[in-house]
Amino acid sequence: MYQEFKVLAQHKQWNLVRSKGIFLMSYRQYNVKIRLYQVDNFYVEVYSFDEDGKIAMINAFQDTKYLDPYLEKLDVSGLMLGN
């Protein structure tokens, strides 16, 4: 499904993300909101502008190394570690 997703038009990618994607997290960078979704066996980043919410770009990937920026933003300070 990943290869098929990559060749879809952006509006069709967004429709598929909205219908099948699982929202994982989001963050802001400058005036852009970046949302991360999981769709089947790959991940999708959706970049949208703060001022109008219009989608600027959709980026799909399978390699989990691209999750590092998201993992760095997770707040785990409330988790109890060890006993």
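See the values below:
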item	result
Pair Asn59, Phe23: separation of 7 Å Cα→Cβ label points (nm)	2.1 nm
Tyr70/Asp50 FRET efficiency (R0 25 Å; Cβ-Cβ; nearest 0.05)	0.85
Reach of Lys54 by Cα under 22 Å, taken over lysines that are not fewer than 8 positions away in the same chain	Lys6, Lys12, Lys20, Lys33
Relative packing of peptides 56-64, 39-47 - highest average C-beta neighbours within 10 Å first	39-47, 56-64
Semi-axes of the equivalent ellipsoid for segment 2-63, Cα gyration tensor, largest first, Å	19, 13, 10
Computed magnitude of the charge dipole of the chain (debye, nearest 20; Cβ of K, R +1, Cβ of D, E -1)	220 debye
Selection from Tyr2, Gln62, Leu74, by position along the positive dipole direction of the chain (Cβ)	Tyr2
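Read-outs throughout are calculated quantities, based only on the coordinates presented, and are distinct from any laboratory measurement. Just so we're clear, the structure is a prediction, and the values are computed from it rather than from any experiment. So basically every Cβ, Gly included, is an ideal-geometry build from the backbone, and we count neighbours across all protein chains shown.
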